[in-house]
1. Go through segment 417-457 and give me each residue that's away from ligand 2 (no atom under 16 Å from the Cβ), closer than 24 Å to residue 75 by Cβ and either in contact with a helix residue (DSSP H, G or I) (Cβ under 8 Å, 6 or more places away or on another chain) or basic (Lys, Arg) (or both).
2. State yes or no: is residue 211 open to solvent by 10 Å² or more (accessible area, probe 1.4 Å), more than 10 Å from ligand 1 (Cβ to nearest atom) and closer than 20 Å to residue 49 by Cα?
3. Residue 334 passes all but one of (1) open to solvent by 10 Å² or more (accessible area, probe 1.4 Å); (2) assigned to a strand (DSSP E or B); (3) closer than 22 Å to residue 143 by Cβ; which number fails?
4. Cβ-Cβ distance below 9 Å, separation of 6 or more or different chains: which pairs start in segment 396-413 with a residue that is of a type in the set (Ser, Thr, Tyr) and end on one that is in a helix (DSSP H, G or I) and surrounded by 22 or more Cβ atoms within 10 Å (Cβ to Cβ)?
5. Residue check: is residue 276 open to solvent by 10 Å² or more (accessible area, probe 1.4 Å) and away from ligand 1 (no atom under 15 Å from the Cβ)?
6. Report, ordered by the first and then the second residue, all pairs with beta carbons closer than 6 Å, sequence separation of six or more or different chains, a first member in segment 191-205 that is small (Gly, Ala, Ser), and a second member that is open to solvent by 10 Å² or more (accessible area, probe 1.4 Å) and outside any helix (DSSP H, G or I).
7. Check segment 458-478 and report whether any residue there is in contact with a helix residue (DSSP H, G or I) (Cβ under 6 Å, 6 or more places away or on another chain), within 16 Å of ligand 1 (Cβ to nearest atom) and open to solvent by 40 Å² or more (accessible area, probe 1.4 Å).
Amino acid sequence: MSSLFPALAARSPLPALRFGDRSLTHAELAAAAGSLAAGLADMRRVAVWATPTLETAVGVVAALLAGVPAVPLNPKTGERELAHILADSAPSLVLAEPGAELPPALSALPRTDVELTGPGAPSVPEPSSGAPGVIEPSPEAPALIVYTSGTTGPPKGAVLPRRAVTATLDALEDAWLWTADDVLVHALPLFHVHGLILGILGPLRRGGEVRHLGRFSIDGVARELESGATMLFGVPTMYHRIAEALPGDPRLAKALAGARLLVSGSAALPVHDHERIAAATGRRVIERYGMTETLMNTSVRADGEPRAGTVGLPVKGVELRLVDESDGIGEIQVRGPNLFTEYLNRPDATADAFDGDWFRTGDMASRDPDGYVRIVGRKATDLIKSGGYKIGAGEIENALLEHPAVREAAVTGEPDADLGERIVAWIVPADPSRPPAPEELSAHVAAQLAPHKRPREVRFLEALPRNDMGKIMKRALHG
Ligand code: MCA
Ligand code: AMP
């Protein structure tokens with residue numbers, strides 16, 4: 001295990017994790033995660049109730065120490081989606097913070113509360129060797145299974161091997177000159193790659209510190225950057241909110257100006273927000289481009305030229321090509337040690353995702369003469385990026401169609417200054433004289449799938465536009 005987290009193995013007394021007023025040093029984390037790992041050793045997979053807490057970080061590290069794949073669960077996942085993830089991933093137990101109330105779908109699973117052993121109370125197992133008797137798993141062994149939306153059907157579990165995690169974090173060490181002296185601040189959810197792998201496992205692998213805000217706030221960002229944090233990670237929605245706040249908040253401008261690195265990812269950061277932040281702080285946000293299946297592919301380097309509207313160059317170890325180029329634009333395909341191994345239980349989808357050993361990202365891009373990549377769009381119109389979350393139109397349509405007041409449903413994404421895209425539902429009511437309340441449909445989707453998948457707008461129609469084949473013509477649907 002020492003190969004994943006050297007600072008844990010060395011029992012470093014330096015700070016590792018801070019969530020609000022609770023924190024752990026690397027040595028304390030080694031103790032807490034080490035003793036939890038001992039009880040997980042023979043499990044097939046463990047689910048982690050991924051609230052934005054210290055316990056989630058300890059639970060995931062424990063699973064990695066034990067060599068047991070972890071399945072992080074969004075604690076706001078609705079009934080239908082949670083049932084799917086549990087049936088698909090079949091975890092042996094769920095790790096949760098003490099006192100967390102779990103939904104009925106999880107009651108059939110054994111539960112283990114994550115306890116944080118107190119300072120100075122290191123427990124028995126040696127983190128350098130995982131739990132007693134556990135041999136370090138092979139680099140190809142699965143580390144995490146992260147669920148991600150596709151255009152249709154329920155989310156798929158991307159199986160991320162240990163080598164993908166180390167390859168991506170070490171490529172970012174190189175691109176961002178990331179060291180143990182860095183203190184990261186962020187407020188990203190811990191059930192996706194961005195917040196969990198980059199935002200928690202990244203600082204732990206470097207032997208540095210992460211301070212998690214629990215929930216995003218401008219004040220929290222300013223407070224941490226002015227008291228020692230050196231890096232900020234966020235999705236464009238967060239940087240947009242920062243850009244909006246800057247004119248009236250000199251403290252925020254000063255805090256950002258003092259940061260070593262401001263990194264945005266998960267969706268494109270509009271040039272307007274880039275420029276507003278640069279003008280107010282003298283600092284340029286750098287963008288990196290990744291995907292659940294590939295972890296990080298490209299980035300602007302910390303010592304490179306920042307260029308708004310680009311995601312920089314392929315990071316160390318990653319090969320990138322543009323396929324079927326026309327007018328200089330083609331689909332991004334990537335290969336390298338950063339890639340996932342498969343979609344769990346979905347050999348069909350896994351096969352479709354690859355062209356030989358190249359992974360088809362579905363993102364369309366061009367390249368500047370010096371190689372900087374510019375993402376210009378996406379192949380599938382049925383994928384929506386809202387607040388940095390990827391959401392499939394099909395899964396929302398299926399959920400809406402289950403509502404008794406809905407006869408027909410189509411879902412589209414529309415440009416939104418704050419969220420990048422907002423989800424719009426087009427509904428033909430079962431009874432046109434008594435259409436359902438928009439809030440009811442939103443709440444239905446939030447309860448079945450997840451709150452971030454809820455339509456932000458509902459528009460009623462008498463019929464959906466269809467072509468001669470009967471296929472819905474989504475391009476004809478716009479506000
Ligand atoms: C609202 N809420 C509801 C409902 N309406 N709950 C239940 N039913 C409803 N009808 C609740 C929400 O749960 C939430 O609760 C609160 O109201 C506000 O929700 P929302 O409006 O959705 O939040 P927001 O303000 O729009 O959130 C913006 C955000 C968020 C904070 C930027 O979108 C976010 O955290 N995005 C990060 C996405 C991300 O990490 N993506 C990485 C995947 P509460 O306030 O309690 O939460 S991409 C990736 O990993 C790749 C590798 C990459 O490249 O990075
Ligand atoms: P996800 O599947 O949720 O991991 O989201 C991955 C997708 O997010 C990619 O395929 C891109 O479409 C998008 N993405 C991530 N980072 C960026 C970025 N910096 N600029 C534009 N799009 C991005």
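1. Scanning segment 417-457 gives 418, 422, 441, 444, 445, 446, 447, 448, 454, 455, 456.
2. Working: open to solvent by 10 Å² or more (accessible area, probe 1.4 Å): yes; more than 10 Å from ligand 1 (Cβ to nearest atom): yes; closer than 20 Å to residue 49 by Cα: yes.
In short, yes.
3. Result: residue 334 fails condition (1) only.
4. 412/393
5. Values: open to solvent by 10 Å² or more (accessible area, probe 1.4 Å): yes; away from ligand 1 (no atom under 15 Å from the Cβ): yes.
Here the answer is yes, as residue 276 does meet what is asked.
6. If the second residue must be open to solvent by 10 Å² or more (accessible area, probe 1.4 Å) and outside any helix (DSSP H, G or I), the pairs left are 195/189.
7. So the first thing to find is which residues in segment 458-478 are in contact with a helix residue (DSSP H, G or I) (Cβ under 6 Å, 6 or more places away or on another chain), and the list is 458, 465.
Those left that are additionally within 16 Å of ligand 1 (Cβ to nearest atom): 458.
Filter again for open to solvent by 40 Å² or more (accessible area, probe 1.4 Å), leaving none.
No, segment 458-478 contains no residue that is in contact with a helix residue (DSSP H, G or I) (Cβ under 6 Å, 6 or more places away or on another chain), within 16 Å of ligand 1 (Cβ to nearest atom) and open to solvent by 40 Å² or more (accessible area, probe 1.4 Å).
A quick yes/no check of all residues on (1) among the charged types (D, E, K, R); (2) within 24 Å of residue 237 (Cβ to Cβ); (3) free of Cβ contacts under 8 Å to residues at least 24 places away in the same chain:
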position	(1), (2), (3)
421	yes, yes, no
431	yes, no, no
446	no, yes, no
470	no, no, yes
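The values are calculated or read from the model by the stated rules, or taken from the named source; none is laboratory data. Values in this document were obtained by computation on a predicted structure and should not be read as measured data. Here Cβ is always computed from backbone atoms with ideal geometry, including for glycine, and neighbour counts include all displayed protein chains. Please note that ligands, DNA and RNA were not included when accessible areas were found on the heavy atoms of the full protein model with its side chains. Shrake-Rupley method; radii C 1.70, N 1.55, O 1.52, S 1.80 Å.
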